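Each remark here refers to the structure printed beneath this line.
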């Protein structure tokens, strides 16, 4: 979920605990965890509500000055129009940055990462991709994802989703253009050859 920078302090201090969206389909799920500006939040409830049910208290919890301001941000929906309500709470810092730097891998770490990569490969309908993707990123750091996807013989959206899975494991980092291996990813590739 994306939030504007003016909402970040309120999310961090816990004063913003809900957001309203005009999605055509849900973009969050109850129990889902999302990263926002170096923070980790968890959605506790995701449901559609009629615009008329939004209260001044809801607007304040969403970081808006008033109900009218919130409705204006939503594009002034009609009273019966459904909007998505996402209640959430701040869990703390995004731990991926710390995880990426953990390059002193133990044998247990290596075994765990191998198991997770193997699981991702088994679930892939198009065949194994994890190690190929890591090696592509190692060989071509900072190369635009369109070119990397072509090398991997994947379409760009699927490739980017796969890289996000590796990023979640702390193995890759996003750059302004393209990606690079994290210290953890480099250490893993050294170990698995």
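Can you go through 71, 113 and tell me which one is free of Cβ contacts under 8 Å to residues at least 40 places away in the same chain, crowded, with 16+ Cβ neighbours inside 10 Å and not in a loop (DSSP other than H, G, I, E, B)? Steps first, please.
Working: 113 fails: free of Cβ contacts under 8 Å to residues at least 40 places away in the same chain.
Unique residue meeting the criteria: 71.
Before we move on, is residue 122 surrounded by fewer than 17 Cβ atoms within 10 Å (Cβ to Cβ), outside any loop (DSSP other than H, G, I, E, B), out of contact with any strand residue (DSSP E or B) (no Cβ under 6 Å at 6 or more places or on another chain) and assigned by TED's automatic domain parsing to the domain that holds residue 19? Taking the combined requirement at face value, the residue does not satisfy it.
Counting residues in segment 92-100 that are in contact with a helix residue (DSSP H, G or I) (Cβ under 9 Å, 6 or more places away or on another chain), part of a helix (DSSP H, G or I) and surrounded by fewer than 14 Cβ atoms within 10 Å (Cβ to Cβ) gives zero.
Condition check: out of contact with any strand residue (DSSP E or B) (no Cβ under 7 Å at 6 or more places or on another chain), surrounded by fewer than 12 Cβ atoms within 10 Å (Cβ to Cβ) and modelled with pLDDT of 95 or more. Does residue 55 satisfy that? Taking the combined requirement at face value, the residue satisfies it.
Within segment 9-39, which residues are in a helix (DSSP H, G or I) and in contact with a strand residue (DSSP E or B) (Cβ under 7 Å, 6 or more places away or on another chain)?
So in segment 9-39, the residues in a helix (DSSP H, G or I) come out as 9-13.
Passing the criteria: 11, 12.
The values are calculated or read from the model by the stated rules, or taken from the named source; none is laboratory data. Here the structure is a predicted model, which means the values were calculated and not measured. Heads up, the Cβs are rebuilt from the backbone with ideal geometry, glycines too, and the neighbour counts pull from every protein chain shown.
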